[in-house]
Amino acid sequence: MQQKIVLIGGPGTGKTSVLNDLISKGYHCKIEVSRDVTLKAKEEGIDQLFLTEPLLFSEMLLKGREQQFLEAENSSHDWVFFDRGIPDVHAYMDYFNTQYPWSFIEKSKQYQYNTIFLFSPWKEIYTADNERYETFEQSLIIDKCLQESYKKLGYQITQVPFGKIEDRSDFIIDAIRNSL
């Protein structure tokens with residue numbers, strides 16, 4: 001049975017670095033789609049699409065993450081890692097206290113993942129950049145919204161300990177192997 005594994009956490013928690021390490025180790029990974037959506041909007045003259053049109057941005061993310069899920073289902077890979085999952089979309093909408101259609105929750109119920117790994121905010125590694133505008137303090141609140149969204153859907157969340165990128169990757173791989 002294919003394992004769909006999601007790496008969640010607020011901005012700047014090390015998810016993408018660990019995902020890149022997993023890719024280098026030969027694992028099949030689906031990269032975060034929000035940066036592509038943000039960069040495409042910037043090319044069209046919209047500096048921060050999420051801030052100016054949060055619902056449109058979130059609908060584009062939902063579509064991208066749904067596509068990633070379907071691509072994974074149609075692949076022959078035993079393990080597929082995702083940099084964020086579908087429930088992240090409504091978790092962020094909750095963070096911004098923005099209303100969204102019930103279909104966001106329905107998509108999260110329709111497309112189920114096997115394992116969720118949480119990367120907690122880690123001040124020592126946090127940095128902002130052109131696509132990441134949240135402060136560290138905001139990432140703490142986002143972390144709570146993410147955990148609430150996944151828990152409401154019945155997911156158990158495994159905390160990834162702080163440490164070197166390779167150690168964090170190894171922790172995830174070992175946890176998955178031990179659960180099978």
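Read-outs: derived from the displayed coordinates by stated rules, not from any lab. Quick caveat: nothing in here was measured; it's all calculated off a predicted structure. Cβ: placed from backbone, ideal geometry, glycine included. Neighbour counts: every protein chain shown.
Worth a mention:
- Helix 15-24 axis versus longest C-alpha principal axis of the chain: approximately 50°, rounded to the nearest ten.
- Per DSSP, loop trypsin sites (Lys or Arg not before Pro) in segment 3-55 with at most 15 further Cβ within 10 Å: Lys25
- Alpha-carbon centroid distance for the pair segment 143-180 / segment 1-77, whole angstrom: 17 Å
- Relative to the longest principal axis of the Cα atoms of the chain, the long axis of helix 34-43 makes an angle of roughly 30 degrees.
- Once both labels are positioned 7 Å from their Cα atoms along Cα-to-Cβ, the gap between Glu43 and Asp78 label points is 3.8 nm.
- Listed cross-link partners Lys15/Lys42; Lys144/Lys164; Lys4/Lys107 are compared with a 19 Å cut-off, the Cα-Cα value being larger for Lys15/Lys42; Lys144/Lys164.
- Segment 78-180: chymotrypsin sites (Phe, Trp or Tyr not before Pro) in DSSP coil with no more than 15 other Cβ atoms inside 10 Å: Phe96, Trp102, Tyr133, Phe162
- Label zone at Arg177, where the point sits 7 Å out along the Cα-to-Cβ direction: segment 27-41 residues whose backbone N lies under 15 Å: 27
- For the chain, the extents of the C-alpha atoms along the principal axes are 44, 37, 31 Å, listed from largest to smallest.
- Loop trypsin sites (Lys or Arg not before Pro), segment 139-180, which have at most 15 other Cβ atoms in a 10 Å radius of their Cβ (DSSP): Lys164
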